Amino acid sequence: MLVLTGIAIIVAGFLLRFNPLLVVAVSALVTGLAAGLQPLAILAAFGKSYNENRYISAVYIVLPVIGLLERHGLQERARTAIASLRGATVGRLLIGYLVFRQLTAALGLISIAGPAQSVRPLVAPMAEAAAERQGLAPGGDRIPAMAAATDNVGVFFGEDIFIAIGSILLMKGVLDGYGIVIAPLQLSVWAIPTAIAAFMIHGFRLLLLDRKLARRA
C-alpha cells in the first residue's frame, strides 16, 4: 500500500497548486523508494524515461523560438510577402497549404507543421493579408479559423496514408480482434480515396470563400 503514496502526493500537490513538474518528480521518487528501489535505480529510471520520450521536450524549444520570431516581426513579414504577390487569394493560399499538409502527413511528417508551428505565426497572417487585398476588413476570426481548419483537414486525412501511424495500427488491432486479418498497407491504400475526397471538399469550400470575398469587394 505504501507504493500508492505517490498518488496521494500528486493529488495533494495539485490541490495546493505546487509546480506540476516538481509534484510528479517527488511522487515518482517516493513511489520508487516505497517499492524498495535504490536512489541510483530511481535516477536511472528517470534518465531512461527522458531518453525514450525526449522528442516531447522539443516543443519547449520550438515555442520560445516562434515567440521570439513573432516579437521581431515574423507575422508582419509574412503579411508583407503575401501582399506583394499578384493574384494571391485566401483560397489559393490555403489550397496550397492543404496540399503541403496532406503530402507531408502521408509521409509521416505530422509535426513539421501545425497550429503552433505554422498556422498562427505564418499561414493565418498570410491568409489575412490576402483577404484584405480581396476587400475583407481587418480583424475577425473567420480567416484564422479557416487556416486552422485547413491544417486539421490536411493532417487528419493525410496521416492515415502513412502505414506506421497510430490510427492505422489501432484499426488493424480492432480488425484483428474480430478475426479480420489485413495488412497495414491495405488500410493505407484505402485511405487515399478518403484523402482525395477531403481535399476536393475542403478545396471547394475555400474556392467558395474566394467567391464570397470577390462579391463583397
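The values are calculated or read from the model by the stated rules, or taken from the named source; none is laboratory data. Note that the coordinates shown come from a computational prediction; the quantities given were computed from them, not determined experimentally. Glycine gets a Cβ as well: all are built from the backbone with ideal geometry, and neighbour counts include every protein chain shown. Areas reflect the complete protein model, heavy atoms only, side chains present, ligands, DNA and RNA absent. Shrake-Rupley method; radii C 1.70, N 1.55, O 1.52, S 1.80 Å.
The set of residues in segment 149-176 that are surrounded by fewer than 18 Cβ atoms within 10 Å (Cβ to Cβ), at pLDDT 90 or above and hydrophobic (A, V, I, L, M, F, W, C) comprises Ala149, Phe156. Considering only segment 82-94, I want to know if a residue exists there that is open to solvent by less than 40 Å² (accessible area, probe 1.4 Å), in a loop (DSSP other than H, G, I, E, B) and at pLDDT 80 or above. Yes, segment 82-94 contains at least one residue that is open to solvent by less than 40 Å² (accessible area, probe 1.4 Å), in a loop (DSSP other than H, G, I, E, B) and at pLDDT 80 or above. Within segment 85-115, the residues that satisfy the criterion of being within 16 Å of the chain's Cα centre (by Cα) and at positive phi are Gly108, Gly114. Checking the conditions here, which among Ile168, Ile143 is more than 15 Å from the chain's Cα centre (by Cα), β-branched (Val, Ile, Thr) and within 24 Å of Glu76 (Cα to Cα)? Only one candidate qualifies: Ile143. Just one of the numbered conditions (1) within 33 Å of the chain's Cα centre (by Cα); (2) under 22 Å from Met1 (Cα atoms); (3) open to solvent by 90 Å² or more (accessible area, probe 1.4 Å) is not true of Leu21: (2). The set of residues from segment 24-46 being open to solvent by less than 90 Å² (accessible area, probe 1.4 Å) and not hydrophobic (A, V, I, L, M, F, W, C) comprises Ser27, Thr31, Gly32, Gly36, Pro39. Among the conditions (1) at pLDDT below 90; (2) assigned to a helix (DSSP H, G or I), Pro138 misses just one, which is (2). The single residue among Val189, Val153, Val174 that is part of a helix (DSSP H, G or I) and within 15 Å of the chain's Cα centre (by Cα) turns out to be Val153.
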